1. Set the Förster distance to 30 Å, then compute FRET efficiency between V64 and V107 from the Cβ-Cβ distance, nearest 0.05.
2. Kindly put I88, I118, I54 in sequence by how many other C-beta atoms sit within 10 Å of each C-beta, fewest to most.
Amino acid sequence: MSTQQPDPYATGNSQNPSTWNPGGQPPAGPGAPNNRFGNSFNRESGFFSSLTDIRFTKFVTPKVASVVYVLAVALILVGLLFWAIASIVMMFSGEDGSLFVGLLMLVVSPFVALLYIILVRVSLEATVALVRVAEDVAAMRRRD
């Protein structure tokens, strides 16, 4: 003979539906973390303390990723500017075929620059994601 669980949402049930917790997880309230593992990203350690951590327990990658991205985009755009100037100079050099090659360089170079920006962004996102996974695993190990 099997015993049935009472329906927690049935009216007149002595079990209060707001306290019924089948998973055994604590209820989320004000100030509770959005996910089960909380926010393990250590914001307390500063940039220089992360740099001088010789045991590599603090990660510096999330702190410098935005700076690296801005610098990379700036360098790519400067390179694009020089490439555009070189292609214009080539177009007016007067050599055979230089007009076509210079025009082709001028048209293709923004797409190449965009490809480089995408590659830098994806690489940095993958690196930051890997570091955040490592931080979350370290936080779970500390809790257990």
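Coordinate-derived values only; no laboratory data. All of these numbers come straight from a predicted model, not from anything done at the bench. Glycine gets a Cβ as well: all are built from the backbone with ideal geometry, and neighbour counts include every protein chain shown.
1. Approximately 0.30, to the nearest 0.05.
2. I54, I118, I88
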